[in-house]
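Just so it is clear, none of the values below were taken in a lab; they were calculated from the coordinates. No experiment lies behind these values; they were computed from the predicted model shown. Every residue, glycine among them, receives a Cβ derived from its backbone with ideal geometry; neighbour counts consider all protein chains shown.
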Amino acid sequence: MQCVIRPMTLDDVPGAERVSDEGFYELDTRVPRPWETAPARRSEAHRAVWIERTRHVVETDPGGCWVAEDDTGLVGMVTSLRRETLWCLATYAVLPGRQGQGIGKPLLAAALDHGRACTRGMLSSSADPKAVRIYRQAGFDLHPQMYLTGTVDRSAIPVVEKVREGSAGDVDLMDSLDRVTRGAGHGPDHALMLRTWRLLVTDTSTGSGYAYLDERGRLGLLAASNRRTAVRLLWATLAEATGEATVPHVTGANQWVLDVGFAARLDLHQEGYLGLRGMKPPAPYVHNGALL
Ligand SMILES: CC(C)(COP(=O)(O)OP(=O)(O)OC[C@H]1O[C@@H](n2cnc3c(N)ncnc32)[C@H](O)[C@@H]1OP(=O)(O)O)[C@@H](O)C(=O)NCCC(=O)NCCS
């Protein structure tokens with residue numbers, strides 16, 4: 001069947017969400033995580049955040065967002081963004097029944113073309129064998145990702161001082177921390193994260209850093225000027241956890257996260273890869289899956 005690749009519009013976003021949900025649900029079923037509860041479809045709350053984030057990326061980077069379409073409707077989608085000299089892949093999926101038929105590769109090529117002038121690239125890859133094959137072929141180094149889950153041992157939480165709620169007034173500080181750790185600010189993405197998530201900031205004579213807690217209360221993103229400050233911030237986010245805590249997207253360059261996680265009695269798992277081009281794994285830093 002004839003399949004065309006064309007730029008994604010705001011009207012395509014709900015359809016793209018369905019493609020992505022189908023794709024990731026099928027992946028979770030195909031590559032199960034035995035230590036987790038059964039795979040589930042995206043919740044309404046998560047869907048709303050996904051749609052808001054994708055609308056934001058289509059608005060900031062119309063040239064980085066593409067769909068694949070045939071007579072049946074949307075069958076594939078990709079979103080990507082440029083921030084200063086960094087290109088990031090936000091989301092990428094093809095409908096389960098249509099994978100492995102050559103739809104995904106030209107979609108990613110269109111998104112990569114949006115970043116052709118960028119000196120750096122970042123993506124957070126799933127464990128899908130097709131995805132990792134494509135990313136390596138596109139020149140990305142693959143760094144295994146770990147994550148920690150469990151119930152925080154509250155008696156292990158140290159007293160953490162000088163961490164406050166953040167606001168739009170912290171964006172310059174956050175962008176400069178982003179530049180030191182990953183080589184580029186998040187720029188307009190901070191406005192999106194401030195709108196949807198909770199921000200914690202620390203800024204003292206010994207160091208500065210910030211952490212977002214996402215809509216599910218998980219660590220969404222963390223950057224700091226040094227490890228000690230990063231450790232304090234991570235404890236502050238774990239202190240906020242109610243029920244099951246998750247610290248996702250930990251690379252080998254951030255062993256300090258494991259020290260905190262083990263002290264909090266969390267369990268360590270592995271999932272996916274941080275894909276990097278033209279850069280080393282950021283540290284002290286915990287990336288976000290889509291906004292990197
Ligand atoms: C990753 C994804 C978007 C790629 O799209 P796609 O249409 O399947 O990709 P293509 O068919 O263009 O290319 C797939 C490549 O993997 C190869 N491949 C196909 N089936 C494979 C399998 N079972 N195992 C390993 N490689 C496989 C293909 O041969 C091709 O490589 P080649 O061109 O070098 O031969 C799609 O598979 C998907 O949605 N996966 C689930 C969601 C996901 O993981 N998204 C990425 C998030 S980071």
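Residue separation of LEU258 and LYS130 scaled by 0.36 nm, minus their Cα-Cα distance, works out to 43.2 nm of gained length. Residues whose amide H comes within less than 5 Å of that of ALA90, counting only those at least five positions distant or on another chain, are THR79, SER80, LEU81 (H built at 1.01 Å from N in the peptide plane).
Full extension from ILE157 to SER205: what is 0.36 nm times the residue separation minus their Cα-Cα distance, to one decimal in nm?
15.0 nm
May I ask you to list the residues of the stretch 25-49 whose amide nitrogen lies under 14 Å from a point 7 Å from Cα along the Cα→beta-carbon direction of ASP267? Label zone hits: 33-38. Taking 0.36 nm per residue of separation and subtracting the current Cα-Cα distance, fully stretching the chain between THR72 and GLU84 would add 0.6 nm.
Listed by Cβ neighbour count within 10 Å, with the fewest neighbours leading, GLU22, GLU36 appear as GLU36, GLU22. As a proxy for reagent exposure, TRP66, TRP256 were ordered by neighbouring Cβ count within 10 angstrom, fewest first; the result is TRP256, TRP66. To test your reading of the geometry: what angle, between 0 and 90 degrees and rounded to tens, separates the Cα axis of helix 171-182 from the longest principal axis of the chain? For helix 171-182, the angle is close to 80 degrees. Quick one: Karplus J couplings for the stretch 226-235, per residue in order, coefficients 6.51, -1.76, 1.60, θ = phi - 60°, nearest Hz, x for Gly and Pro? Running phi through 6.51 cos²θ - 1.76 cosθ + 1.60 with θ = phi - 60° gives 7, 5, 4, 5, 4, 4, 4, 5, 5, 4 Hz.
The label-point distance for VAL4 and ALA191, in a model that sets each label 7 Å from Cα toward Cβ, rounds to 3.2 nm.
Principal-axis analysis of the Cα atoms of the chain puts helix 13-30 at an angle of about 80° to the longest axis. Against the chain, whose longest principal axis comes from its Cα atoms, helix 104-114 is set at around 60 degrees. Ignoring aspartates and glutamates fewer than eight residues from LYS105 along the same chain, the ones with Cα atoms less than 17 angstrom from its Cα are GLU69, ASP70, ASP113, ASP128.
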